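**Student:** Below: one structure in structure tokens.
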Amino acid sequence: MKYLVMVQGSQADYDAMGGKPSAHSPAWSEKDLQAMFAFMQEINDDLAESGELVDGQGLAEPRRTRLVSLGEDGRPVITDGPYGETKELLAGYWVLDCASLERVTEIAARVARCPQPEGAPEYPVVIRPIMDSGTDIC
């Protein structure tokens, strides 16, 4: 079965990774960033080797986000991010093809152990099954 495994973050987290601390997150050093990138690359390599990796990407910072909705007249309304009401956003994801929910949960637990500086916020790793054409919605 395929699963979407998601990691979350905020604009403040991206700023901290760029060396700008906030009340939300301490500044990341170059060593911190390299440890995170090496950790994620090892996970990606292991998932590719096992054949479970379908796709995985880190996403650009929230301030580069764009929302497109429809106005009352049916015309597109475009809003650039980040959004004040949004505390956490999708920071990266994997699409995995795993034999069981237990297996993808093991992988998510590994992702949750990603190194980061002390005091950085911790977010849950989110798992969502991907519906196929034969999956019930409810």
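**Student:** So, THR65, is that one touching a residue at least 12 places away in the same chain (Cβ under 8 Å), buried (at least 16 other Cβ atoms within 10 Å of the Cβ) and within 30 Å of ALA23 (Cβ to Cβ) or not?
**Tutor:** When the stated conditions are applied, THR65 passes them.
**Student:** Also: Inside region 68-105, can you point out the residues that are loosely packed, with under 12 Cβ neighbours inside 10 Å, among the acidic types (Asp, Glu) and either closer than 30 Å to HIS24 by Cα or touching a Gly at 6+ places or on another chain (Cβ under 9 Å) (or both)?
**Tutor:** Matches in region 68-105: ASP80, GLU85.
**Student:** Mind listing whichever residues of region 1-19 are closer than 15 Å to GLY58 by Cβ, among the aliphatic types (A, V, I, L, M) and surrounded by fewer than 18 Cβ atoms within 10 Å (Cβ to Cβ)?
**Tutor:** LEU4
**Student:** Now a separate question. Output yes when any residue across region 20-40 is touching a strand residue (DSSP E or B) at 6+ places or on another chain (Cβ under 7 Å), surrounded by 13 or more Cβ atoms within 10 Å (Cβ to Cβ) and of a type in the set (S, T, N, Q), and no when none is.
**Tutor:** no
**Student:** Next question, about the same structure. Can you name the residue in region 83-106 that is modelled with pLDDT of 95 or more and of a type in the set (S, T, N, Q) and, of all such residues, is nearest to ASP13 (Cα to Cα)?
**Tutor:** THR105
**Student:** Oh, and also: Could you check region 1-36 and list, in sequence order, the residues that are among the hydroxyl-bearing types (Ser, Thr, Tyr) and at pLDDT below 95?
**Tutor:** As a first pass, look at region 1-36 and keep what is among the hydroxyl-bearing types (Ser, Thr, Tyr): 3, 10, 14, 22, 25, 29.
Residues satisfying the conditions are SER10, TYR14, SER22, SER25.
**Student:** Among the listed residues GLN8, GLN41, identify the single one that is touching a Phe, Trp or Tyr at 6+ places or on another chain (Cβ under 8 Å) and either over 18 Å from VAL126 (Cβ atoms) or in contact (Cβ under 8 Å) with a residue 24 or more places away in the chain (or both).
**Tutor:** Working: GLN41 fails: touching a Phe, Trp or Tyr at 6+ places or on another chain (Cβ under 8 Å).
Testing whether each residue is touching a Phe, Trp or Tyr at 6+ places or on another chain (Cβ under 8 Å) and either over 18 Å from VAL126 (Cβ atoms) or in contact (Cβ under 8 Å) with a residue 24 or more places away in the chain (or both) leaves just GLN8.
**Student:** Among the numbered criteria (1) part of a helix (DSSP H, G or I); (2) within 15 Å of the chain's Cα centre (by Cα); (3) surrounded by 16 or more Cβ atoms within 10 Å (Cβ to Cβ), which one does ASN44 miss?
**Tutor:** The number of the failed condition is (3).
**Student:** Just one of (1) in contact (Cβ under 8 Å) with a residue 40 or more places away in the chain; (2) over 18 Å from the mean Cα position of the chain (by Cα) trips up THR79, so point out which.
**Tutor:** Looking at each condition in turn, THR79 falls short on (1).
**Student:** Okay, moving on. Filter region 1-24 down to residues that are under 17 Å from the mean Cα position of the chain (by Cα) and not aliphatic (A, V, I, L, M), then give me how many there are.
**Tutor:** Of the residues in region 1-24, 9 are under 17 Å from the mean Cα position of the chain (by Cα) and not aliphatic (A, V, I, L, M).
The values are calculated or read from the model by the stated rules, or taken from the named source; none is laboratory data. This one's a predicted model, so the numbers in the text were calculated from it and none came from an experiment. Cβ sites come from the backbone with ideal geometry, for glycine too, and all protein chains shown count toward neighbours.
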